[in-house]
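Quick notes on the structure that follows.
Only the coordinates and a few stated rules stand behind these numbers; no lab work does. In this text the structure is predicted, and so the values were computed from the model without any measurement. Cβ atoms come from the backbone with ideal geometry, glycine included; neighbour counts cover every protein chain shown.
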Amino acid sequence: MNYNKKTVRDVDVRGKKVLLRCDFNVPQDKATGAITSDKRIVAALPTIRYLLENGAAVIACSHLGKPKGPDPKLTLEPVARRLSELLGQEVLFAHDVVGEDARAKAAALRPGQLLLLENTRFEPGETKNDPALAKALADLAEVYVSDAFGAVHRAHASTAGVAAYLPAVSGFLIEKELAFLGGAIADPKRPLVAILGGAKVSSKIGVINNLLEIADTVIIGGGMSYTFSAALGGQVGDSLLESDWLDYSRQMVEKAKDKGVELLLPVDTVCADVFAPDARSQVVPAGQIPEGWQGLDIGPETVKRYCAAVADAGTVIWNGPMGVFEFPAFAKGTQAVAEALSRTGAITIIGGGDSAAAVEQLGFADKMTHISTGGGASLEFLEGKELPGVACLLDK
């Protein structure tokens, strides 16, 4: 896949109407609908400001949640209000996506003004990538700018379909994601160390497989390490285990040997008698978890090894926690890895999702080179899959 895509800097937007796809899928308070984190809105500001300052009339659009048609609880109106506070100027709001209100307001929009359309998923054609909806969206503007990295792995009308009808370029957020993630995959500063955690091997199959082709070291932690442990003949007690994936795990161990990639698995485990924050716990060698106990974190010896592996890395990609970091007693492995990454001189890339949440929660976010804004998109990126919302953009 070509990661060298045209950006907003490569097109003249002065006096033009620009359709801007953002990721305004913000978390909201269930009772009041108030936005509980505006991080995604803030992340879109550099591109929005650039377009407005360079004389574009901006028509922004986004999805929010998973509505099955129009749903007042999932309107983007609160986003328009918050965006207007952050920008310090009025943000116009259209009460539909491509209906009468949107068309009239888009037609009247002047350079330097911003209009936000209603939730794109209120249109049934959005998730089906319906050409009629894509064409109707494209008809509102003259240029398409994609800046919703969290949604580029989906071929929807507003993320990919519109690019068939308008010149399509990336905003600054996607440009940054492509530079870091694309760089780490295509031309990493070596040694390249990949740290993979999280609950399930099954959700990371493609990622492990692809990274064994390009990494120098692959580190496995989290719930999925017990499937590897069992595959190698270990006892895992009541730990999370995907017995359908034992053969696959053995194949990955063999593949690492064939490729000369160092595959690091836990050598000890912190296990608990129940899945609870105040469970009794003990440290045991990996593969020797007693009956009735379950592994909830990597052990102290493993922590030392994993931290040593990132100390002299050139590039580190981290996706997925090392244990149940929601429970403070079982967050030590994840904490130690985050801390080691904050101290290394390597380029550090956090692949969205839980690892991004962990790094922020632990206060190490500003020490990382790049924290991806798209969990699902960054995973598919690391798998080497083509992302429809990136493939549709013009090549440089």
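Points worth noting:
- Excluding same-chain neighbours fewer than eight residues apart, the aspartates and glutamates reachable from LYS30 by a Cα-Cα span under 16 Å are ASP38, ASP71, GLU77.
- Anchor LYS332: aspartates and glutamates whose Cα lies under 16 Å away (excluding residues fewer than 8 positions away in-chain): ASP268, ASP278, ASP297, GLU301, ASP354, GLU360
- Candidates ASP29, ASP273, ASP366: whichever shows maximal mean-square fluctuation once the chain is modelled as a Gaussian network with Cα springs under 10 Å: ASP29
- Between amide H atoms placed 1.01 Å from N, distances below 5 Å from ILE347 occur with THR315, VAL316, all of them 5 or more places distant or on a separate chain.
- Spin-label model distance (nm) - LYS396 vs ASP278, 7 Å beyond Cα toward Cβ: 5.7
- Anisotropy class of the stretch 344-396 from Cα gyration tensor, a/c 1.5 cut: prolate
- Three-way shape label, the stretch 8-173, alpha-carbon gyration tensor, a/c 1.5: rounded
- Those GluC sites (Glu not before Pro) in the stretch 296-391 that DSSP places in a loop and that have at most 15 other beta carbons within 10 Å: GLU326, GLU386
- Between amide H atoms placed 1.01 Å from N, distances below 5 Å from LEU116 occur with ALA60, LEU92, PHE93, ALA94, all of them 5 or more places distant or on a separate chain.
- Gyration tensor (alpha-carbon) shape descriptor, the chain, a/c threshold 1.5: prolate
- Alpha carbon convex hull of the stretch 180-382, projected area averaged over orientations, nm²: 9.8
- Among the trypsin sites (Lys or Arg not before Pro) found in the stretch 228-313, those both in a DSSP coil and sparsely packed, with 15 or fewer other Cβ atoms within 10 Å of their Cβ, are ARG280.
- 15 Å Cα-Cα reach of LYS259 towards aspartates and glutamates, excluding residues that sit fewer than 8 places from it in its own chain: GLU213, ASP216
- With both residues required to sit in the stretch 8-173, DSSP beta bridges show an antiparallel share near 5%.
- If R0 is taken as 41 Å, the Cβ-Cβ distance between ARG343 and ASP244 corresponds to a FRET efficiency of 0.60.
- Point-to-point label distance, ASP312-LYS6, nm (Cα→Cβ direction, 7 Å offset): 4.6
- Computed on the chain, with alpha-carbon pairs under 8 angstrom and 6+ residues apart, the relative contact order is 16 percent.
- Cross-link pairs LYS6/LYS128; LYS204/LYS385; LYS17/LYS66; LYS105/LYS396; LYS39/LYS204 - those with Cα-Cα distance over 22 Å: LYS6/LYS128; LYS17/LYS66; LYS105/LYS396; LYS39/LYS204
- For SER243, SER378, the sequence from fewest to most other C-beta atoms within 10 Å is SER243, SER378.
- Trypsin sites (Lys or Arg not before Pro) within the stretch 161-235: DSSP coil, no more than 14 neighbouring Cβ in 10 Å: LYS189
- Per-residue Cβ neighbour rank within 10 angstrom, fewest leading, ASP187, ASP268: ASP187, ASP268
- DSSP-defined beta bridges in the stretch 180-382 - what % are antiparallel, rounded to 5: 30
- Ranked LEU52, LEU246, criterion: other C-beta atoms within 10 Å, fewest first: LEU246, LEU52
- DSSP-defined antiparallel bridges as percent of all bridges, the chain, nearest 5: 20
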